[in-house]
Number of protein chains: 2
Amino acid sequence: MHIRVLGSAAGGGYPQWNCNHPNSARARAGDPAAPRRTQSSLAISADGRDWVLCNASPDLRQQINDNDILHPREGLRDSPIKAVVLTNADVDHVAGLLNLRESQPFAVYGTPRVLAVLAANSIFNVLNPEFVERRPLALDQPCALARRDGSTLALTVTPFAVPGKVALWLEDASQGDNFGTVDEDTIALEVCADDGAKFFYIPACARMTEALAARIRGAALVFFDGTLWTDDEMIRDGVGVKTGQRMGHLSVSGDDGTMAALGGLGIARKVFIHINTTNPILIGDTPERRAVEAAGWEVSYDGMAIEL
Amino acid sequence: MHIRVLGSAAGGGYPQWNCNHPNSARARAGDPAAPRRTQSSLAISADGRDWVLCNASPDLRQQINDNDILHPREGLRDSPIKAVVLTNADVDHVAGLLNLRESQPFAVYGTPRVLAVLAANSIFNVLNPEFVERRPLALDQPCALARRDGSTLALTVTPFAVPGKVALWLEDASQGDNFGTVDEDTIALEVCADDGAKFFYIPACARMTEALAARIRGAALVFFDGTLWTDDEMIRDGVGVKTGQRMGHLSVSGDDGTMAALGGLGIARKVFIHINTTNPILIGDTPERRAVEAAGWEVSYDGMAIEL
């Protein structure tokens with residue numbers, strides 16, 4: 001299986017448009033230790049020719065330009081992108097669909113909840129329904145991914161619910177602390193190739209659970225939510241009013257953090273993705289980057305390629 | 001008045017994600033005569049510090065990164081972008097709003113028809129309504145642009161209807177040849193600075209009319225729809241099934257084309273914008289580029305700066 005990180009940053013990307021945090025300023029200044037990052041997305045492929053996107057970020061047009069594996073090959077209208085799998089309805093995961101206009105055949109997979117959000121927003125009709133088929137994902141049911149014409153992509157995803165939160169723009173304050181969140185709102189993916197290669201893609205997760213730990217124990221590769229270093233860093237750094245928990249993200253550091261939670265699970269490759277502008281692991285020369293690397297983690301970057 | 005072309009290409013940009021037309025192939029190969037272009041948008045400013053976007057393209061995050069005039073300056077969260085004026089609800093003109101998340105104060109101007117489209121698509125709620133105010137534009141009524149707090153930007157736009165078409169994704173086939181289009185669906189802007197500088201922004205126009213010719217006669221500067229060279233080029237080149245007329249665009253060449261229609265109007269600077277991947281004027285070494293330049297036109301490019 002071939003995996004390409006199209007984007008490694010959290011929503012807003014790095015630097016973020018209205019952010020003057022020292023991290024963003026370093027990226028904007030072209031500091032080589034602080035390379036720019038687009039918003040989180042993976043491309044996966046069984047054969048290295050036809051690709052499936054895991055999430056469609058608002059930066060997708062730039063990501064396609066920057067990754068020649070996604071350029072058209074044959075004929076006047078063509079794309080190696082044959083399917084898109086959505087893990088939630090966050091703007092940084094769905095808005096990129098608007099770049100895949102208009103009449104190119106592919107399939108979009110999401111939970112009924114996420115597909116309902118697309119259906120309720122007519123702007124997604126720019127994907128011509130005669131060419132783009134929307135297909136539901138059921139929690140915990142393996143789904144063999146297929147092109148628009150039904151032919152197999154030799155990849156199977158099993159979506160499963162993780163602790164999380166409904167997308168910010170869909171929050172219902174009348175529903176109390178969880179803003180009306182249901183299980184289908186935030187999923188992770190177990191991705192298997194027909195040859196047996198397997199990894200986990202968990203770009204948002206609010207809390208480690210026993211069930212999640214059991215599921216990913218001993219995995220060959222896990223991409224995991226690397227949004228924040230500490231739960232209160234956006235407040236402490238003066239760039240926001242929300243904690244990581246409020247946004248649906250477990251923090252990287254600390255006794256309850258991701259490094260501690262995944263440390264003893266025997267996972268061969270652990271890779272952070274969906275990294276926020278405020279997280280010091282973004283930057284190559286920080287103590288926090290050294291700490292995650294010392295703990296056996298990698299920090300993904302745009303263009304990172306993994307063969308499994 | 002300061003004007004910056006953020007993007008000069010039509011919807012999809014140049015190269016377009018799924019396009020293998022020889023023009024796109026040249027851009028993708030890095031041919032210096034065929035520089036890449038993002039989707040059409042202008043930034044305008046009276047003082048060179050605070051800016052108004054004319055349309056918000058899906059490439060806006062990249063456009064902000066590429067234009068330092070739009071970078072944050074003071075404080076941890078900041079942006080020189082104080083307002084956005086929308087000329088229609090095409091994906092290439094509104095989707096960029098999704099990049100201006102979440103809690104940054106600015107104002108969005110559009111006709112009631114276009115604002116209704118935003119209201120009907122809840123994804124635009126990612127622009128926090130406590131910070132982002134949507135303000136209606138009335139046809140033929142000068143509107144003094146203001147920041148979110150009401151302070152003046154020293155720029156006035158007068159929106160006026162031009163022959164056009166409702167956005168593709170809003171077409172209503174039951175409404176016959178015009179797909180349910182009304183005057184408010186496609187507007188152009190007369191932009192005036194308080195110091196008297198004035199130009200016209202007409203990124204989509206299906207037909208020259210006597211009223212339009214009278215309005216722009218003798219102007220200092222006109223940005224005009226440069227989508228297609230000939231009405232049937234997408235069909236002839238095998239990349240589409242629609243004529244320019246069907247898409248709401250007057251062609252550049254020919255007896256009924258833009259060059260002929262604007263040739264005798266005494267306009268000091270005539271600049272093509274919103275240029276499609278199939279249009280040979282995109283490329284520096286073509287006879288068509290030489291023809292438009294010989295006729296006194298300029299072809300806009302990403303980053304083009306004009307002082308007026």
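The values are calculated or read from the model by the stated rules, or taken from the named source; none is laboratory data. Quick caveat, the model's predicted, so the values are computed rather than measured. For neighbour counting, all protein chains shown are included, and Cβ atoms are generated from backbone atoms with ideal geometry for every residue, glycine included. All accessible areas refer to the heavy atoms of the entire protein, side chains included, with ligands and DNA or RNA removed. Shrake-Rupley method; radii C 1.70, N 1.55, O 1.52, S 1.80 Å.
Before moving on, here are some points about what is shown:
- Matching option when the condition is in a loop (DSSP other than H, G, I, E, B), of a type in the set (Gly, Ala, Ser) and over 20 Å from the mean Cα position of the chain (by Cα), among A:GLY164, A:GLY180: A:GLY180
- Selection from the stretch B:179-189 of residues that are free of Cβ contacts under 8 Å to residues at least 40 places away in the same chain and in contact with a Ser or Thr (Cβ under 9 Å, 6 or more places away or on another chain): B:GLY180
- Selection from the stretch B:74-86 of residues that are at pLDDT below 95 and either buried (at least 24 other Cβ atoms within 10 Å of the Cβ) or more than 7 Å from chain A (Cβ to nearest Cβ) (or both): B:GLU74
- Positions within the stretch A:1-11 being open to solvent by less than 20 Å² (accessible area, probe 1.4 Å) and more than 9 Å from chain B (Cβ to nearest Cβ), in sequence order: A:MET1, A:ILE3, A:VAL5, A:LEU6, A:GLY7, A:SER8, A:ALA9, A:ALA10
- Some residue of the stretch B:121-140 being open to solvent by 10 Å² or more (accessible area, probe 1.4 Å), touching a residue at least 40 places away in the same chain (Cβ under 8 Å), within 30 Å of B:GLY196 (Cα to Cα) and in contact with a helix residue (DSSP H, G or I) (Cβ under 8 Å, 6 or more places away or on another chain): yes
- Against the test of being under 12 Å from the mean Cα position of the chain (by Cα), more than 9 Å from every other protein chain (Cβ to nearest Cβ) and not in a loop (DSSP other than H, G, I, E, B), the options A:ALA116, A:ALA43 yield a single qualifying residue, A:ALA43.
- Selection over the stretch A:262-289 of residues that are touching a helix residue (DSSP H, G or I) at 6+ places or on another chain (Cβ under 7 Å), outside any strand (DSSP E or B) and either open to solvent by 10 Å² or more (accessible area, probe 1.4 Å) or farther than 22 Å from A:ASP231 by Cα (or both) gives a count of 6.
- Residue list for the stretch B:12-36, restricted to those being more than 7 Å from chain A (Cβ to nearest Cβ) and crowded, with 24+ Cβ neighbours inside 10 Å: B:TYR14, B:PRO15, B:GLN16, B:ASN23, B:SER24, B:ALA27
- Restricting the stretch B:142-161 to residues that are surrounded by 12 or more Cβ atoms within 10 Å (Cβ to Cβ) and charged (D, E, K, R), the residue that is farthest from the chain's Cα centre (by Cα): B:ARG148
- Residue list for the stretch A:184-200, restricted to those being of a type outside the set (Ser, Thr, Tyr) and either open to solvent by 20 Å² or more (accessible area, probe 1.4 Å) or over 14 Å from A:ILE44 (Cα atoms) (or both): A:GLU184, A:ASP185, A:ILE187, A:ALA188, A:GLU190, A:CYS192, A:ASP194, A:ASP195, A:GLY196, A:LYS198
- For the criterion of being under 30 Å from B:GLY75 (Cα atoms), more than 8 Å from every other protein chain (Cβ to nearest Cβ) and of a type in the set (S, T, N, Q), A:GLN62 fails.
- Meets criteria (open to solvent by 10 Å² or more (accessible area, probe 1.4 Å), within 11 Å of chain A (Cβ to nearest Cβ) and more than 15 Å from the chain's Cα centre (by Cα)) for B:ASP90: no
- Residue check for B:ARG207: open to solvent by 10 Å² or more (accessible area, probe 1.4 Å), under 28 Å from B:ALA46 (Cβ atoms) and either more than 20 Å from the chain's Cα centre (by Cα) or without any contact (Cβ under 8 Å) to a residue 60 or more places away in the chain (or both): no
- Residues that are over 13 Å from A:THR111 (Cα atoms) and in a strand (DSSP E or B) within the stretch A:183-207 comprise A:GLU190, A:VAL191, A:CYS192, A:ALA193, A:LYS198, A:PHE199, A:PHE200, A:TYR201, A:ILE202, listed in sequence order.
- Flag for A:GLY48 being open to solvent by 10 Å² or more (accessible area, probe 1.4 Å), at pLDDT below 95 and not polar (S, T, N, Q): no
- Candidates in the stretch A:46-56 are the residues that are outside any strand (DSSP E or B) and touching a Leu at 6+ places or on another chain (Cβ under 7 Å); of these, the one that is farthest from the other protein chains (Cβ to nearest Cβ) is A:ALA46.
- In the stretch A:93-113, residue modelled with the lowest pLDDT [restricted to those that are buried (at least 20 other Cβ atoms within 10 Å of the Cβ) and facing chain B (nearest Cβ under 9 Å)]: A:ARG101
- Matching entry among A:VAL252, A:VAL239, A:VAL292, A:VAL222 (being open to solvent by less than 50 Å² (accessible area, probe 1.4 Å) and over 24 Å from A:ASN23 (Cβ atoms)): A:VAL222
- Qualifying positions in the stretch A:164-201 - within 14 Å of chain B (Cβ to nearest Cβ) and on the phi > 0 side of the Ramachandran plot: A:PHE179, A:GLY180
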